[in-house]
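The values are calculated or read from the model by the stated rules, or taken from the named source; none is laboratory data. Owing to the predicted nature of the structure, the values given are computational and were not obtained by experimental measurement. No Cβ is skipped: glycine too gets one built from the backbone with ideal geometry, and neighbour counts run over all protein chains shown. For accessibility, only protein heavy atoms count, side chains too; no ligands or nucleic acids. Shrake-Rupley method; radii C 1.70, N 1.55, O 1.52, S 1.80 Å.
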Amino acid sequence: MAEAETKNTQASEEDGAQLELITGRQSAAILMLLFDDDEAARILERLEPQEVELLGEAMFSVADVDAMQIDGSLDRFLQLTRNQSMLAYKSDEKVGRVFRQALGTSRAETMMNRFAPKRPSNIAELLKWVPHKDLAELVANEPPQISAVLISFMAPEAAAEMLQLLPSDLQEELVYRVATMGPVSAHALAQIHGLLERNAPSAEEIAPPMEIGGVMDSASIVNNFPKQLGRAVLKGVTRRDRKIAKEIEDEMFIFADLINLSSKDLGTVVRKVDTAILVPALRGASSELKAKIFAAMSKRAAETIQDEIDEAPPQPMEAVRDAQKGVIAIAKVMLDNGEINMSGGGADYV
């Protein structure tokens, strides 16, 4: 009897060890292989390009799994999904339908542009699958206004990488056009969609008119350039429009960038900031930045500021952002005067 129990225990331990060799990615691959072709294809349609690549690689790696590992993968899936809610599934589509029904398409789109997260579009999804080299060739051969719209749908990191493949004068022009872009019509979006798919989109694929681009988008792109290239592009934008270049520059240096200052320089900045500005500014700071700022102050001063933060009533986010801009304005003057130095981030272009 004891011998049988020992064998069962050993078998159980071996089974557990074998299951541990199956990663979460391989478990997902096993599930994909269990679905029929149509179901698996519908799942792949919802994944990002990198996820598709990793999942495809894993699907080849699990070809020889045994029945026990398949059962273990199914059990793991059930455990992970047991407490998942379906409330968030396609919630953006639900909100859009309700608002359009209540307010009409035009008013609903205007209203949702104020509060809704930046909505993904078919254009953004299509762009994820196009290699940067191919995108660069497309952008180089299209009118700048079309190219700027395309860039506005890209992630800043991807846009910066793609733009580096273009001539310098085109880099400057496109960064400027992204910064000054206004509303884009549904017709223009449909043309761009067709350009990427090389066919005309269906009616439901055409996005409604939307606001894209802007100074913040351009600042994010320039912040992702290598520093020397960023300086050159910003200088080129300055030659075109000094006001827009200044707005881009201002958005490149944000409150969170203060963490790149040395403790000594950070203390120098903080000593020039009025408490009435510093207290609300710190309410929106990360715990790491707040700790570094407090470490740059005397213990008594840090305790006083923390007490004021704790005792102050809730602040509107707009007030917090205004206070942070006030701190940044002081830091920018000190950077320009050479009183402090910044190691990294957009401040190198200031």
| Among the numbered criteria (1) closer than 17 Å to Glu125 by Cα; (2) crowded, with 21+ Cβ neighbours inside 10 Å; (3) under 21 Å from the mean Cα position of the chain (by Cα), which single criterion is violated by Leu163? | (1)
| message | Checking the condition of a type in the set (S, T, N, Q), surrounded by 13 or more Cβ atoms within 10 Å (Cβ to Cβ) and either closer than 25 Å to Glu125 by Cβ or at pLDDT below 75 (or both), which residue from Ser27, Ser85, Ser73, Ser12 passes? | response | Ser73
| message | Test of understanding: among Met334, Met342, which residue is under 28 Å from Pro226 (Cα atoms) and at pLDDT 85 or above? | response | Met334
| task | Considering each residue of the stretch 175-190, count those that are in a loop (DSSP other than H, G, I, E, B), buried (at least 18 other Cβ atoms within 10 Å of the Cβ) and small (Gly, Ala, Ser), and give that number. | result | 0
| request: State which residue is farthest from Lys272 (Cα to Cα) when the search covers only the stretch 288-319 and only residues that are within 26 Å of the chain's Cα centre (by Cα) and without any contact (Cβ under 8 Å) to a residue 12 or more places away in the chain. | output: Pro316
| remark: Given (1) surrounded by 19 or more Cβ atoms within 10 Å (Cβ to Cβ); (2) at pLDDT 90 or above; (3) not in a helix (DSSP H, G or I), Glu172 misses just (3)
| message | Only one of Ala200, Ala232, Ala186 is over 19 Å from the mean Cα position of the chain (by Cα) and at pLDDT below 75. Can you tell me which? | response | Ala200
| query | If you check Glu39, Glu93, Glu51, which single one turns out to be at pLDDT below 75 and acidic (Asp, Glu)? | reply | Glu93
| query | Does the stretch 304-322 contain any residue that is assigned to a loop (DSSP other than H, G, I, E, B), small (Gly, Ala, Ser) and closer than 30 Å to Thr180 by Cα? | reply | no
| Would a scan of the stretch 265-282 turn up a residue that is closer than 24 Å to Pro156 by Cβ and open to solvent by 20 Å² or more (accessible area, probe 1.4 Å)? | no
| message | Restricting to the stretch 249-303, count the residues that are of a type outside the set (Ser, Thr, Tyr), in a helix (DSSP H, G or I) and more than 30 Å from Glu172 (Cα to Cα). | response | 28
| remark: The correct count of residues that are over 30 Å from Asn122 (Cα atoms), of a type in the set (A, V, I, L, M) and open to solvent by less than 60 Å² (accessible area, probe 1.4 Å) in the stretch 38-70 is 4
| query | What do you reckon, is Ala232 free of Cβ contacts under 8 Å to residues at least 12 places away in the same chain, part of a helix (DSSP H, G or I) and either closer than 18 Å to Ile151 by Cβ or open to solvent by 60 Å² or more (accessible area, probe 1.4 Å) (or both)? | reply | no
